[in-house]
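The values are calculated or read from the model by the stated rules, or taken from the named source; none is laboratory data. Not measured: the values here are computed from a predicted model. Note: ideal-geometry Cβ built from the backbone for every residue, glycine included; neighbour counts use all protein chains shown.
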Amino acid sequence: MTEKDHLILTAIGPDQVGLVAKISEFISRCGCNIEDSTMAVFCGEFAVIVLISGDGESLVRIGRNYREIETETGLVVTIKAPAARKTSEAFLPYTLVASCMDHPGIVYRISAVLSELGVNIDSMETKTYSAPISGTPLFRMEARLAVPARVNIDEMRRRFASIQADENIDIVLGHDSGVSGA
């Protein structure tokens with residue numbers, strides 16, 4: 001089996017029906033595959049990040065012709081070759097779920113602890129929504145983490161317990177056996 005090369009494609013612009021079909025058709029027509037992607041619409045703006053794999057010639061075709069997607073869709077598209085990940089450190093996969101009444105600084109407080117401990121956020125999704133009866137704005141954050149094996153998990157839990165007490169945030173940290181380490 002031949003080794004695959006990768007490109008990352010990002011696009012953002014006004015949402016419209018058919019954007020995913022147009023982007024995926026372009027990638028397929030260039031002889032490449034979508035390995036991973038995240039897409040969302042925020043306030044009428046579509047945003048996507050796609051990990052594309054293929055042989056070198058096919059990826060060059062993407063790089064040479066990606067402006068076709070911009071012209072066809074009105075999206076602003078960028079492409080980038082991913083940097084080689086340099087680490088010899090072992091990581092453990094964890095999930096973190098936080099929920100509370102919405103207020104500024106939640107993501108900052110949690111991500112600051114993770115950063116200080118050397119924990120990488122592999123993926124994160126946040127959402128604000130209204131409570132069913134009261135309409136109170138609520139916040140929920142779900143993240144997949146790559147925790148260095150050297151990190152003391154009890155210390156991380158203690159740091160999160162302090163945030164929970166200070167800001168009334170429920171934080172659940174669990175080992176994620178379904179995720180491969182970084």
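Annotations
- Residue match in region 13-29 (condition: assigned to a strand (DSSP E or B) and touching a Phe, Trp or Tyr at 6+ places or on another chain (Cβ under 8 Å)): yes
- Scanning region 89-105 for residues that are in contact (Cβ under 8 Å) with a residue 40 or more places away in the chain, closer than 16 Å to D166 by Cβ and surrounded by fewer than 13 Cβ atoms within 10 Å (Cβ to Cβ) yields a count of 2.
- Scanning region 31-50 for residues that are in contact with a Ser or Thr (Cβ under 7 Å, 6 or more places away or on another chain) and in a strand (DSSP E or B) returns N33, I34, E35, V48, I49, V50.
- Check on G181, modelled with pLDDT under 95 and not basic (K, R): yes
- A Cβ distance below 7 Å, combined with a sequence gap of six or more or placement on separate chains, defines the contacts here; from region 26-52, residues that are without any contact (Cβ under 8 Å) to a residue 40 or more places away in the chain reach residues that are acidic (D, E) in the pairs V41/D15; G44/D15; E45/D15; F46/D15.
- Among the residues of region 117-129, the ones that are of a type outside the set (G, A, S), under 28 Å from R150 (Cα atoms) and without any contact (Cβ under 8 Å) to a residue 40 or more places away in the chain come to 5 in all.
- In region 142-153, the condition of being surrounded by 11 or more Cβ atoms within 10 Å (Cβ to Cβ), over 17 Å from E116 (Cβ atoms) and either more than 24 Å from the chain's Cα centre (by Cα) or not aliphatic (A, V, I, L, M) (or both) is met by at least one residue.
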